[in-house]
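The values are calculated or read from the model by the stated rules, or taken from the named source; none is laboratory data. Everything quoted here is computed from the prediction, not taken from an experiment. Positions of Cβ are generated from backbone atoms using ideal geometry, with glycine treated the same way; all protein chains shown enter the neighbour counts. Quick note on the areas: whole protein, heavy atoms, side chains included, nothing else; ligands and nucleic acids left out. Shrake-Rupley method; radii C 1.70, N 1.55, O 1.52, S 1.80 Å.
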Amino acid sequence: MLTYEQARRAVIDQVARTKGPRATASLSVWNALGFILAEEVKTDRDYPPFDRSTRDGYAVRAAEVALAATLRCVAEIKAGDTVTQPLAPGDCAQIMTGAAVPSGADAVVMIEHADRDGDAVRFERAAQPGQNIVPRASEARRGEAILSASMRLGYAELALAAQVGATQLRCASKPRIAILSTGDEVVSIDQEPGAFQIRNSNSVSLAAQVRLAGGEPVLLGNAADRIDDLREKISHGLREDVLVLSGGVSMGKYDLVETVLKDLGAEFYFDAVAIRPGKPAVFGKCGNAFVFGLPGNPVSTMVTFELFVVPAIDLLSGAAARDLPLVEARLGALLNEKPGLTHFLPARVDWRGTTPEVRALPWQGSGDIAALARANCFLVVAADRGQVNVGETMPILLRKDII
Ligand code: AMP
Ligand code: MG
């Protein structure tokens, strides 16, 4: 059985090997959050476009400023003012944050370090050349590439594009991810379940996870645990880039997903991973679509999606596969898990102290969505760890969606 790292590697290798070029579309910066850039963006001019003051204060010649030195204030320069007049020796100019430093001046003294009396400005200390000035073109030169293809567009990237006037961005289209739940007991969320039925919460979590990962969810509803219904709905899902199924991949008599996929000609790269929850997770390819058969218990579905489906969506979006958001925390309460599988336990990490401290939350196993909704991370307990003592350093997988 593969470890979760090996299973992730298998996903990354297979998807990287077979993905084709993606269609692109031009999007406004207002709508491009989370998309992957498909072009290079270059600056339209130098940044900053002029020597820019980073403080409210006085533009000076540094060599003329010392303790008790006095200069004559001859001008006031606001942000946005056109500055053409050079600063003459013996003079200074009051200047605001974001304004252009006049030629001749080579430093800005903060207003807090000067005393003004009419036109006379008295200084309290020496000035260093260059202080409180960001020189023209020091952030980027005109024509320089500042964003490159396959970058993920977050708020800073979008602001940078907007700054240089690139208001339309060519982006890769999002991969389409079909979502199909399975199970005779599953009813749609707007239906009243019978006494022994459950609502289809997995399609909701999967659609949310697809969106967060940068994919476009395509909702296919639920298939009954019958060959004919599964075959029809799975065939439908195989027209998309990826088909994600929930349920029907365990050892039960009515777990028919793998059988149906096999009949449809699927090739499997793994059909079990040494993790809990999520052990029966399946990954393969059928026709042109990648297929994930995730176990149906809601927390298993969520964990296996984060571990295995996210890197596939990354690659199909035209980006690199992101690393898992794993960090270390100090264990705050004793742990006792059965060794043999890597456990992903709903947990809460707390940053109030100097080192993050994590505690596993009480839970009823992989059907317990309420426990995960109280968690902000998963505590990762390696397969060879049984008992773990308070104070030990443990890896945690952050829930990026809420942290
Ligand atoms: P399975 O993997 O099909 O054996 O399902 C395991 C457990 O997950 C069962 O208790 C199911 O009732 C539950 N389950 C399966 N599909 C869903 C779903 N779409 N939404 C919520 N729970 C589900
Ligand atoms: Mg089932």
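Remarks
- Nearest 10 degrees, 0 to 90: helix 201-213 Cα axis against the chain principal axis: 30
- Cα gyration tensor shape for segment 336-390, rounded if a/c is under 1.5, else prolate or oblate: oblate
- Å² per residue, accessible surface of segment 166-252 at 1.4 Å: 48
- FRET efficiency, residue 191 to residue 167 (Cβ-Cβ, R0 60 Å, nearest 0.05): 0.85
- 19 Å tail of the calculated P(r), segment 29-87, as % of Cα pairs: 57
- Karplus-derived 3J(HN,Hα) values for segment 63-74, using 6.51 cos²θ - 1.76 cosθ + 1.60 with θ = phi - 60°, are 5, 8, 9, 7, 4, 6, 5, 10, 10, 9, 7, 10 Hz; glycine and proline are entered as x.
- Stokes-Einstein D (µm²/s) once Rh is taken as the Kirkwood radius of the chain over alpha-carbon pairs, at 37 °C in 0.692 mPa s: 130
- Rounded to the nearest Hz, the phi-derived 3J(HN,Hα) couplings of segment 146-151 under the Karplus curve 6.51 cos²θ - 1.76 cosθ + 1.60 (θ = phi - 60°) are 10, 9, 10, 4, 6, 7, where x marks glycine and proline.
- Dipole magnitude for segment 219-321: about 160 debye, using +1 per Lys or Arg Cβ and -1 per Asp or Glu Cβ, origin at the Cα centre.
- Cα lying deepest toward the dipole's positive end in segment 1-85, options 85, 34, 63, charges on Cβ: 34
- Exceeding the 32 Å Cα-Cα cut-off - candidates 174/279; 253/338; 253/400; 174/253: 253/400; 174/253
- Portion, in percent, of the accessible area of segment 239-279 that falls on carbon or sulfur, probe 1.4 Å: 45
- Taking a straight line from the alpha carbon of residue 285, these lysines sit under 17 Å away, with near neighbours fewer than eight places off in the same chain left out: 19, 233, 262.
- Selected from 377, 307, 166, residue furthest toward positive end of dipole (the chain; charges at beta carbon): 307
- Sorted peptide list for 182-189, 343-350, criterion being average Cβ within 10 angstrom, highest first: 343-350, 182-189
- The GNM of the chain, with springs linking C-alpha atoms under 10 angstrom apart, assigns the highest mean-square fluctuation among 376, 200, 31 to 31.
- Separation between Cα centres of segment 305-377 and segment 6-57, rounded to whole Å: 28
- On the beta carbon distance between residue 81 and residue 134, with R0 = 30 Å, the FRET formula returns roughly 0.95.
- Charge dipole magnitude, Cβ of K and R +1, D and E -1 - segment 41-142, Cα centre, debye nearest 20: 420
- Over segment 278-343, all Cα pairs binned in 5 Å intervals from 0 give whole-percent P(r) values of 3, 13, 17, 20, 21, 12, 7, 4, 2, 0, listed from short to long.
- Accessible surface of segment 328-403, 1.4 Å probe, proportion on carbon and sulfur as whole %: 50
- Relative protection proxy for 151-164, 257-270, from highest mean packing down: 257-270, 151-164 (other beta-carbon atoms within 10 angstrom).
- Projecting the Cα atoms of 289, 349, 155 onto the charge dipole of the chain, computed from C-beta unit charges around the Cα centre, puts 289 farthest toward the positive end.
- Inter-part distance, segment 62-92 to segment 119-191, computed on C-alpha centroids, equals 35 Å.
- Table column - 3J(HN,Hα) (Hz), segment 244-260, Karplus curve with 6.51, -1.76, 1.60, x for Gly and Pro: 10, 9, 10, x, x, 10, 8, 9, x, 4, 9, 8, 10, 4, 5, 4, 5
- Taking 0.36 nm per residue of sequence separation and removing the Cα-Cα distance, the residue 156/residue 199 pair yields an extension gain of 11.6 nm.
- Each Lys and Arg adds +1 at its Cβ and each Asp and Glu adds -1 at its Cβ; summed about the Cα centre, the chain shows a dipole of about 400 debye.
- Taking segment 89-128 and a reference point 7 angstrom along Cα→Cβ of residue 72, the backbone N atoms nearer than 16 Å belong to 89-94, 117-122.
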